[in-house]
Amino acid sequence: MPWAAVIGSPIEHSLSPPIHQELWRSAGITGWEYRKCEVDAQRLPQWIASLDSECVGVSITMPCKKAVIPLLDVVEPQAAALSSVNTLIPSGGVLSGFNTDVFGMSRAIELSRRNAGMDLGGRAIIIGSGATAASALAAVISLGFREVDVVARAFSGGKLPADFNRSAMNLGVTYSGHDLTAAGTLSRCCEQADLVVSTLPSGALDPYVGELSTMPLRSSFLDVTYAPRETAAISCCLERGIPVAFGVEMLVYQAVLQFKLMTGIEADSHAISSVFQLLEAK
């Protein structure tokens with residue numbers, strides 16, 4: 001039986017199984033199994049070695065996105081630059097790694113701004129400096145945002161977040177780093193923003209939500225957190241009429257590209273709509 005899986009730790013909260021199962025259903029794919037596997041970085045080599053010929057693909061979450069890279073035969077250039085693989089495709093004994101997070105973010109941002117009649121480009125503010133922030137950096141650059149400020153705790157005391165900085169160098173991108181914990185820093189950065197992207201875990205931005213109030217009305221906002229769907233930061237933006245992209249939208253669109261990599265099928269608008277309807281009912 002053909003099968004796919006999502007791996008990581010913790011994995012219980014993952015929405016990947018219902019998303020992919022609905023995409024399969026819409027494409028007329030039957031008899032496939034989607035597994036949810038608790039795998040940490042230590043167990044990862046053994047789990048990868050156990051893959052059989054029935055596996056069509058693996059969705060990879062933390063803490064395995066970087067740890068999986070040495071175990072692969074091929075890594076696409078963007079994933080290599082970011083040191084972040086969230087999709088594994090086995091084919092003919094060759095294990096290939098891809099990053100679909102960048103596409104998911106780009107698509108969510110693009111659609112939210114298009115629906116609001118807004119152009120792309122200008123200054124982007126990224127909150128956070130982890131692996132998701134590196135993917136956000138690639139996404140905003142691909143959309144034409146040429147000025148980028150990164151606001152994170154990791155810049156406190158004049159420090160540089162090493163992995164994020166390495167990804168930026170690999171992408172050939174320059175940015176300005178700012179300490180999130182310094183009073184008023186986020187507020188001052190947001191004053192000039194055309195786009196703000198929060199890559200912080202659920203609840204981590206809440207103490208700084210008030211600083212988003214300086215965002216111009218011509219700007220837009222993406223929060224990658226999808227539980228809860230409407231975070232405090234999103235509520236703040238909606239109250240001011242600022243267009244938002246929800247984390248669940250990024251999640252679905254990155255899965256749409258995973259689906260294509262795993263099956264060779266392009267999900268149509270009906271299939272994507274059915275996924276959103278399914279998630280809204282949960």
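Just so you know, all these numbers are worked out from the coordinates, no wet-lab data involved. Since the model is a prediction, treat every value here as computed from it, not as a measurement. Here the Cβ positions follow ideal geometry from the backbone for every residue, glycine too, while neighbour counts run over all protein chains shown.
Across the range 3-16, coupling constants 3J(HN,Hα) worked out from phi with the 6.51/-1.76/1.60 Karplus curve, θ = phi - 60°, read 8, 10, 7, 10, 10, x, 7, x, 10, 4, 7, 4, 9, 4 Hz, and Gly and Pro carry x.
Around the amide H of F221, modelled in the peptide plane, lie the amide H atoms of V196, V244, A245, all under 5 Å away and 5 or more residues distant in sequence or on another chain.
With r defined as the distance between the Cβ atoms of T30 and A116 and R0 fixed at 45 Å, what FRET efficiency is calculated, to the nearest 0.05? Don't skip to the end; give the middle numbers.
Details: r = 39 Å, r/R0 = 0.87.
Using R0 = 45 Å, I get an efficiency of 0.70.
The amide H of I126, built 1.01 Å from its N in the peptide plane, has D149, V150, V151, V197 as neighbours under 5 Å, considering only residues 5 or more places off or on other chains. Against the chain, whose longest principal axis is taken from its Cα atoms, helix 247-263 shows a tilt of about 30°. Taking the Kirkwood radius as Rh and the Cα radius of gyration as Rg, the range 10-88 has a ratio of Rg/Rh equal to 0.97. By DSSP, the beta bridges lying fully in the chain are antiparallel in about 20 percent of cases. Counting Lys and Arg as +1 and Asp and Glu as -1, what is the net charge of the other residues whose Cβ lies under 15 Å from the Cβ of E266? Result for the neighbourhood of E266: +1.
Sort D52, D101, D73 so that the residue with the fewest other Cβ atoms within 10 Å of its own Cβ comes first and the one with the most comes last. Spell out each step's value before the answer.
Working: D52 7, D101 30, D73 11.
Fewest to most other Cβ atoms nearby, the residues stand as D52, D73, D101.
Packing, as the average of other Cβ atoms within 10 Å across residues, places the peptides 125-135, 237-247, 216-226 in the order 125-135, 216-226, 237-247, highest first.
Tell me, how many Å apart are the Cα centres for the range 194-208 and for the range 4-30? Rounded to whole Å, the Cα centres lie 26 Å apart.
From the convex hull of the Cα coordinates of the range 69-163, what is the mean projected area in square nanometres?
7.3 nm²
The Stokes-Einstein estimate for the range 102-245, based on a Kirkwood radius over Cα pairs and taken at 20 °C with 1.002 mPa s viscosity, is a diffusion coefficient of 145 µm²/s. With contributions of -39500 (n - 2.57) from each DSSP H run of at least four residues, the per-residue ellipticity at 222 nm computed over the chain stands at -11000 deg cm²/dmol. For R35, the residues 5 or more places off, or on other chains, whose built amide H falls under 5 Å of its own are A4, A5, V6. For the range 44-70 versus the range 92-125, the spacing of their alpha-carbon centroids is 24 Å.
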